[in-house]
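One structure is given below, encoded as structure tokens.
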Amino acid sequence: MNEQSSANKVAWEYRAYEFWMQRDGPPKDKAIELKKNPLGSLKKHQVYFNNVEGKKIANLCGSNGRKAVPLALLGADVTIFDISVENERYAKELAYYANISITYVVGDLYDIDLETYGNSFDMLYLEGGILHYFKDLDKLMSILSSLLKKNGTMILSDYHPFLKCLNEDFTVKQTYFDSGLQTGDVAFKQFFPEEEQVDFPAVSIRLYTLSEIINSLIPAAFKLDRFDEHRGWKNENIPWEFTIVARKL
């Protein structure tokens, strides 16, 4: 595990389970919610998962299982790959109370055992701000391609690079082409009392331009089928997220 991944593992194993309990509620209660409408819980991506029964899906950086469990409820065979045992704990409890089975592999995505998992999956699903945790995007895309069967599909949704150019008050900062590793706050730090936030470990991130993200598909033998930009979470009239749909050639 490289230095960046080691730092991110420490950060994502610091009070993450506690955070999920606060934000999503106890796994038993969250499972009841997900079982009511598993497809709807996939939100803007549900259109891609209308018919997944029997399909093998890898949910990369699948976190606490809030997307993997609905996919399993829809009949998919789901494997989560994630770096955090805290996330694993919540996800396994969530799957238990939803009365479904998922496979959870804890480790660095760079270190996935391709002899075991290579050419295994019909679909890959990555969402929620992932790419910045990997300083070698070409290597990551190569691994993702290796996981897929031929003609398999990758659904990749992430924060729009435009976001890095805005401060919280929407003033502009000139950071779009910054390419070095940076330290930052783990995603859930702000949900804890201010006096406790000083103890949170930092994450290590590398931000990418939109062209870097799209161009990384080419050497990894992906064919871009669709690229969508999404408004802000409060319907702001600027791009907040994007979704790539790509197939392995």
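Nothing in this text is a laboratory measurement; each read-out follows from the coordinates by a stated rule. Quick caveat: nothing in here was measured; it's all calculated off a predicted structure. Quick reminder, even Gly has a Cβ in these numbers, built from the backbone with ideal geometry, and neighbours come from all protein chains shown.
Using a 10 Å cut-off around each Cβ, can you sort Phe188, Phe134 from fewest to most neighbouring Cβ atoms?
Lowest to highest Cβ neighbour count: Phe188, Phe134.
For the stretch 214-228, what does the Karplus curve 6.51 cos²θ - 1.76 cosθ + 1.60, with θ = phi - 60°, yield as ³J(HN,Hα) per residue in whole Hz, taken in order and with x for Gly and Pro?
In residue order, the calculated couplings are 5, 5, 5, 5, 5, x, 8, 6, 9, 10, 6, 9, 7, 9, 10 Hz.
Rounded to the nearest whole Å³, what is the per residue volume of the convex hull around the Cα atoms of the stretch 3-248?
Taking only Cα atoms, the stretch 3-248 has a hull volume of 129 Å³ per residue.
If you average 1/r across every pair of different Cα atoms in the stretch 60-166 and take the reciprocal, what Kirkwood value do you get, in Å?
14.5
So what is the relative contact order of the chain, in percent, for Cα pairs below 8 Å that sit 6 or more residues apart?
It rounds to 19 percent for the chain.
Which ³J(HN,Hα) values in Hz, rounded to whole numbers, follow from the phi angles of the stretch 43-49 under the Karplus curve 6.51 cos²θ - 1.76 cosθ + 1.60, where θ = phi - 60° and Gly and Pro get x?
Values, residue by residue: 6, 5, 9, 4, 4, 8, 10 Hz.
Taking the Cα centre of the chain as origin and charging only Cβ (+1 Lys, Arg; -1 Asp, Glu), how large is the dipole, in debye to the nearest 20?
1000
List the residues whose amide H sits under 5 Å from the amide H of Asp178, counting only those 5 or more places along or on another chain, with H placed 1.01 Å from N in the peptide plane.
It is none; the list stays empty.
I need the phi-derived Karplus couplings for the stretch 79-93: 6.51 cos²θ - 1.76 cosθ + 1.60, θ = phi - 60°, integer Hz, Gly and Pro marked x.
For the stretch 79-93, the Karplus curve yields 10, 9, 10, 7, 8, 10, 6, 5, 5, 4, 4, 5, 4, 5, 5 Hz.
Give the longest segment of the chain that steers clear of GluC sites (Glu not before Pro) in DSSP loops with at most 15 neighbouring Cβ atoms within 10 Å, not counting the sites themselves.
54-167
5 Å is the cut-off here: which amide hydrogens, built 1.01 Å from N in the peptide plane, fall below it relative to Gly152, excluding neighbours closer than 5 in sequence?
Those qualifying (amide H under 5 Å, at least 5 residues apart or on another chain) are Lys248.
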